[in-house]
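Encoded as C-alpha cells, the structure appears first; notes follow it.
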Amino acid sequence: MDNPDLLLKQLSSIVLNASPLIIAVCGETITERAGLINLSLDGTMLLSAMTGFIVGYQTGSLWLGFLAAALVGMLFALIVAFGSIRLKQSQVAIGFVLTLLGDDLSAFLGQNFTRMPGSFVMKAGIPLLKDIPILGPIFFNQDPVVYFALLLVIATWFFFFRTQPGLKLRGVGERPEAAFARGVKVNRLRYLYALVGGALVGIAGAAYSLDVKVGWSEGHIRGMGWIALAIVIFGGWSPFRGAIGALLFGATKALATVLQRTFPQVSVVAFNTIPWILMIAVLVVSASELTEKFINLMPVSWRRPLRRLLRVSAPLALGTRFGED
Amino acid sequence: MVRNSKRINILMSQTISALTPVLATLAALGVFAIILMTLGANPVEAYGALIEGAVGSGNAIADTLVKATPLLLIGLGTCIAFRGGVTNIGGEGQLIVGAIAATGLGLLFPEAPGYVVIPLAMVAGFFAGAVWGAIPGALKAYFNVNEILSTIMMNQIAVQGMNFLLRDLMIDPVQLEAASKIPQTARLAKEFDLPRLVPTRLHLGALLAVIVAILVYIFLWRTTIGYRIRAVGLNADAARYAGINVKRYMVLSLLLSGALGGLAGAVQVYGVTHRMFTDGSAAGFTGGAGFNGIVAALFGQLHPLGTIPAAILFGALLVGANKLQRVVQVPSALVTALNGLVVVFVVSSEIWRRRQAKKRQLLEMEEAARATSEPDIPPEPIDGGKEVLR
C-alpha cells in the first residue's frame, strides 16, 4: 500500500462498491422512519437485480432496467405495507416470507440469463470536480450511480430535517397519534414512504447487476440486503451515518482482502467472518445500555458528542401498527 | 328459527375460517398451474406427478416424512422463540453448528458402540444449537441488539465455520489424499446410522421430531416455564410487573429455539447424510431447511401440533417437486417458488379470516343481545383466538 495511486484506486472502488448499499440504506431508512419495517430487502434486491439486468439486456436501455427494478421494489414494499396496515399481519413475518420468495423467484426467472454479458453503466467523470486532488478521483471520477447515491444521501437528509413533509414523515414514525391529531394521514403516508423506500431498494438491486457487480447468476448478491438492514440500525436511521456505515463496511471488506494477502497463513474464513462479527459488535455498541454507562463515566463535556457518536435510537413507533380507522 | 339459522351461520363461518389455509393452498396451486401452462406444461400431469412423487408409494411417503423431519424440528424452535416474543431467523446456522458438533463426536469415537454415540451426538447437536441460539438471545436481552439481524449474522458465521472445518480439520482423509479435495467429512461409521423404522429411508429421527413436538406443546402450555415464556411474548411489561425475569426468559426461548435447530442438524447427519459436505453456501448442506422450517411454523399458526402437518405438507411439496421437475421438465427453482407462493397466499388469506371473525363476532353480539340467558357459544376474540405472531 505504499503506492498512493493504488490507495486512491482502492478507495474509489470502495465508494463504488458501497454505492448500491448506500441507496438501499437510504430507502430502508425512509421506510423505517415512517414506522414500517420492510424486512424483505434481501429478496427484493435479488429480484430487482435480476429484473433490472434482464430488462436492460432485452431492451438495451439501462433506464428501463432501473425502472423495472424500482417497480419490483415498490411491489414488494406494497405487499409489506398492505399486509401490515390493512391485514394487520406481522411485518416481520411478511417481510421474511418475501425474502425467501424473492430469492426463489429470482433464481427461477433469471435462470436463462445467468452469466451473460450485459450492458452496464459507464463511468462518467464530472469535469472540473474530478481534478480535485484526492477527493476528485475518489468521489467524482465515478459513474452516475455513485453520484445518485451521494446526492440521495444529501437529499434524504435535507428532506428529513429541513422540510415540512419530512417532519410529518418523522412524526408518523415517532408519535403517530400526535401526527394523526395534527391531521396527518398516518397510514397513507406509511404506504407512500414504503413505496418510495421500496423503489430505492429496487434501484439498489439494479445498481448491483447493472453497475457494481455486472450480470446475473443465482444468489448474485445474496446477503447484501441483510447487511443493508444492519447498516440502517448502525446509521441510527440517519442517511449520513448510514452512508458512512456502508462505506465502512466496504472498507472492512477491502481491508480483509489486503490482510489476507499479507497473512496468507491465516485461513480465508477468518477474514470472511470479520464483516459479520464487526456488524454484531457495532450493533452491540450502538444499542446497548452499557455504552450509556460508559458515556456517563466520561467528563461531562464529552458526553454529548460521545452519545451522538455511539448511541442510536430507533423511531419510537417502528414496527407498531396504527389503527386510524 | 331465526336464532337457529344464525347459529348455523356462525358454524359455517367458523368452518370456513378453519379451512382458509387449505383454500389458500389450493389457490396458490391454481396460480402455479397457470404459470405451468404458460411454460407449456400440462398442470394436471404436473400435479399428478407432484402427488405421486410425494405420497405415491411407501418410499415416497417415507421420503416426504424424512424431508419433513428437520422442517418440523426447526419449526418447533420457531414456535418457542416467536411465542416468547423473539424472532429467530437463525435456523440455518443453528442446524449447521448442531450438525458439526454431532459429526465431530461421531468422527472422534468411531469405535464406540452406536447406542452410546447416537444419543450423545443428539445431545451434542442440541447443546451446540443452544449456544448458537443463546448468543443472539443474550445480545438481545442484555445489549438490546436486534435478534433478527444477529441471528442472520450468526448464520453467516456458522457457514464460514463449516467451510473452514470441512476443508481443514474435519476433511475426509481420503479427500486429503485425492487431488480434488472435495470439502466433506468421512462417512460416519455404519453403526451410527439412526435405525430405520420400516424398510425405507424413514429413520428414527422422524419419530423423535413428533415426540419433541408433543413435548414442546406440553412445555409451552402445561409448565410454569413455558407459561412464563408465553407471558413474556404476549406482553413483556405485564410479565415484568408479574415478577418474571423478562431478560432471562428471552435468552431461554432463543436458547431452546436454537437447541432444537441444533438437534435438527444432528438428526439430519445421523439419519440422512451420514457425513457433512459443503458447496460454500448454507443451503448446500441444509437444503434451506432452516428457513423452510420457519415458514412451516408460521403456516402451522406457531402451534407445535399445528406445525406437524405443516412440516409434512412442505416436505411433501419438496419431495413431490423433484418428481414434478423430472416429469414435466420444469426447473427446480420454480418448485421452491411454489412454496413461497403457498405461504404468501396463506398469509394473505388472513384478511378473509379476520373479516369472517368480525362478522361472526357481530352475529354473536346480536345473538347475545337477543338471548342473554343462554351463552352456548363462548364469544370469540376478534382475531379468531389465534395470534399469528407473538
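The values are calculated or read from the model by the stated rules, or taken from the named source; none is laboratory data. Predicted model, so just to flag it, every value in this text is computed and none were measured. Neighbour counts are summed over all protein chains in view; Cβ atoms, including those assigned to glycine, are modelled from backbone coordinates with ideal geometry.
Overview of results
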quantity: Unique residue being part of a helix (DSSP H, G or I), over 23 Å from the mean Cα position of the chain (by Cα) and either buried (at least 16 other Cβ atoms within 10 Å of the Cβ) or at pLDDT 80 or above (or both) when the list is A:Leu247, A:Leu283, A:Leu259; calculated: A:Leu259
quantity: Within segment A:227-241, considering residues that are outside any loop (DSSP other than H, G, I, E, B) and more than 10 Å from the chain's Cα centre (by Cα), the one farthest from the other protein chains (Cβ to nearest Cβ); calculated: A:Phe240
quantity: Only one of B:Gly284, B:Gly288 that is without any contact (Cβ under 8 Å) to a residue 40 or more places away in the chain, under 23 Å from B:Gln160 (Cβ atoms) and assigned by TED's automatic domain parsing to the domain that holds B:Phe192; calculated: B:Gly284
quantity: Criterion violated by A:Ala179 - all others in (1) under 27 Å from B:Thr151 (Cβ atoms); (2) more than 14 Å from chain B (Cβ to nearest Cβ); (3) touching a Lys or Arg at 6+ places or on another chain (Cβ under 7 Å) satisfied; calculated: (1)
quantity: Among (1) assigned to a helix (DSSP H, G or I); (2) free of Cβ contacts under 8 Å to residues at least 12 places away in the same chain; (3) more than 9 Å from chain B (Cβ to nearest Cβ) - the single one A:Val269 does not satisfy; calculated: (3)
quantity: Complete set of residues in segment B:65-97 that are under 26 Å from B:Arg222 (Cβ atoms) and not hydrophobic (A, V, I, L, M, F, W, C); calculated: B:Thr69, B:Pro70, B:Gly75, B:Gly77, B:Thr78, B:Arg83, B:Gly84, B:Gly85, B:Thr87, B:Asn88, B:Gly91, B:Gln94
quantity: Helices (runs of 4 or more DSSP H) lying entirely in segment B:1-90 (those with 1 or more residues that are among the basic types (Lys, Arg), more than 30 Å from B:Trp132 (Cα to Cα) and at pLDDT below 85); calculated: B:2-38
quantity: Test set (1) farther than 25 Å from B:Gly261 by Cβ; (2) modelled with pLDDT under 70 - B:Asn339 fails condition number; calculated: (1)
quantity: Residue match in segment A:92-108 (condition: under 25 Å from B:Phe82 (Cβ atoms) and surrounded by fewer than 22 Cβ atoms within 10 Å (Cβ to Cβ)); calculated: yes
quantity: Residue within segment A:110-118 that is within 14 Å of chain B (Cβ to nearest Cβ), modelled with pLDDT of 85 or more and surrounded by fewer than 16 Cβ atoms within 10 Å (Cβ to Cβ) present; calculated: no
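Results for (1) closer than 30 Å to B:Ile35 by Cα; (2) in contact (Cβ under 8 Å) with a residue 60 or more places away in the chain, shown as yes or no for each residue.
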position: A:Ile94; (1), (2): yes, no
position: A:Ala107; (1), (2): yes, yes
position: A:Arg115; (1), (2): yes, yes
position: A:Asp131; (1), (2): no, no
position: A:Phe161; (1), (2): no, no
position: A:Arg182; (1), (2): no, no
position: A:Tyr193; (1), (2): no, yes
